[in-house]
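I have placed the structure first, in the form of structure tokens, so that the comments after it can refer back to it.
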Amino acid sequence: RIQILFETLGLCMMISSEGALQQTIESNKGILVLHFTASWSESCKTVVTALKALQNKFTALKVYQVETENVGVFCDKHRIESVPTCVIYNGKHLEETISGLNMPRIVKAVEKLIADSSSDNKHTDHMTPPVPIEERLKSLTTLGKCVCFIKGSPQEPKCKFTRALMEMFHENKVEFSYFDILRDEVVRQELKKYADWPTYPQVWLDGELLGGLDIMKELQASGDLASTLPCKEPLDVRLKNLINSSPVMLFMKGEPDQPRCGFSKQTIALLSEYKDVSYKTFDILTDNEVRQGLKTYSDWPTYPQLYVNGELIGGLDIIKDMHMSGDLDAILKQQH
């Protein structure tokens, strides 16, 4: 279903979860460009414009945006460290990863893959039957746990009702996927019948219509919105939970077996000398929200950061000093 869905959507759908991203890749049978983007990046907007033109030129090409901050596991695995980054697949095979505003390289890679595959596909593309509208709508409404059908995008709403809904969802940190119904008149009209709901926006939860803006307002007024919809934890709560997820907790760049900076590598080497001490780590390169938020939360501007029993010990310099003085051993033994 995911494959059918994305073939019809183009760049108007944002992939905003690890699950949806994985399903997209696993079901891909052609040439796919995943654009890892962020709403704050002007460079990403330039890439979107260029990719739209590229998609118009090559009808066999599929291009989708990916909300980078929501797919940290994938980004960590594939070393996606900045936006914009474009990841190019041929079927399920990752062909190339291209970072920055390097459109000539992206175009060259796509043109080569199109040329290589054209002889195999030229007789079959026109034979692909149209997707039944009910199947498209079912795919759309089950894209994620919470799917919003809106006018415009969360960043650029095209009506006051969409704007009000997006402001509410932003305030409550609701996690959702969205579809811009202004980009597809067939979906816009047919979804009204499918849902038996005549207006937009529409909010769907687990494949079932939850309602429109008025219903969301009622849920918010009753205090049930956060318990009904999937919501992110407030950042300070999330940071506190992360810090206390282990008696000894290290926030670093990379993983213990593959540090991504010299300071993290030295810290891991020091901690490894304490054979009886177990600890957990968090790779701050996989989550920019944590990376930036923890600096403010702890009032400590650099990484790595070491915590024992929920209290900040410090960075590499302090860890070194305490190791030399013997104080680190005493503190680590106080873990509970």
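The values are calculated or read from the model by the stated rules, or taken from the named source; none is laboratory data. A quick note: this is a predicted structure, and the numbers were derived from the prediction, not measured. For neighbour counting, all protein chains shown are included, and Cβ atoms are generated from backbone atoms with ideal geometry for every residue, glycine included. Side chains are part of the model used for accessible areas, which takes the heavy atoms of the whole protein and leaves out ligands, DNA and RNA. Shrake-Rupley method; radii C 1.70, N 1.55, O 1.52, S 1.80 Å.
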**Asked** At a 1.4 Å probe, what is the % contribution of carbon and sulfur to the accessible area of segment 87-222?
**Response** 51 percent
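How much of the DSSP bridge set in the chain is antiparallel, in percent, rounded to the nearest 5?
Numbers: 31 of 48 bridges.
Within the chain, antiparallel bridges account for around 65 percent of the total.
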**Request:** Within segment 159-216, list the chymotrypsin sites (Phe, Trp or Tyr not before Pro) lying in a DSSP loop whose Cβ has at most 16 other Cβ atoms in a 10 Å radius.
**Result:** none
**Fill in**
Ranked output for segments 287-295, 38-46, 131-139, 301-309 by mean other Cβ atoms within 10 Å, highest leading, reads 301-309, 287-295, 131-139, 38-46
**Message:** Tell me the carbon and sulfur percent of the accessible area for segment 267-313, rounded to whole percent, probe radius 1.4 Å.
**Reply:** 46 percent
**Request:** Would you mind computing, in nm to one decimal, how far apart the modelled labels at ALA269 and GLN22 are, each placed 7 Å from Cα along Cα→Cβ?
**Result:** 3.6 nm
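For segment 203-336, with every protein chain kept in place, what is the accessible area per residue (1.4 Å probe, Å²)? Spell out each step's value before the answer.
On the way: 7090 Å² over 134 residues.
Accessible area per residue: 53 Å².
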**Message:** Starting from the Kirkwood Rh over alpha-carbon pairs, what translational D in µm² s⁻¹ does segment 183-287 have by Stokes-Einstein at 25 °C and 0.890 mPa s?
**Reply:** 135 µm²/s
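Ranked by accessible surface with a 1.4 Å probe, highest first, in what order do HIS35, HIS78, HIS93, HIS170 come? Could you put the intermediate results ahead of the total?
Details: HIS35 0, HIS78 55, HIS93 110, HIS170 145 Å².
Per-residue accessible area, sorted high to low, gives HIS170, HIS93, HIS78, HIS35.
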**Message:** Please list, in order along segment 291-297, the HN-Hα scalar couplings obtained from phi with the Karplus expression 6.51 cos²θ - 1.76 cosθ + 1.60 (θ = phi - 60°), rounded to whole Hz, x for Gly and Pro.
**Reply:** 4, 7, x, 5, 4, 6, 4
**Request:** Go through GLU96, GLU167 and list them by solvent-accessible area, largest first, probe radius 1.4 Å.
**Result:** GLU167, GLU96
**Prompt:** How big, on average over all directions, is the shadow cast by the Cα convex hull of the chain, in nm²?
**Reply:** 19.9 nm²
**Expected 222 nm ellipticity per residue - DSSP helices of 4 or more, -39500 (n - 2.57), all of the chain, to 500** = -13000 deg cm²/dmol
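Would you mind telling me the antiparallel percentage of the DSSP bridges in segment 134-231, rounded to 5? Spell out each step's value before the answer.
Values: 9 of 13 bridges.
The antiparallel fraction comes to roughly 70 percent.
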**Prompt:** In the full protein assembly as shown, how much of LYS333 is accessible to a 1.4 Å probe, in Å² to the nearest 10?
**Reply:** 150 Å²
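Rank these by accessible area, largest first, 1.4 Å probe: LEU165, LEU219.
Numbers: LEU165 0, LEU219 30 Å².
From most accessible down to least: LEU219, LEU165.
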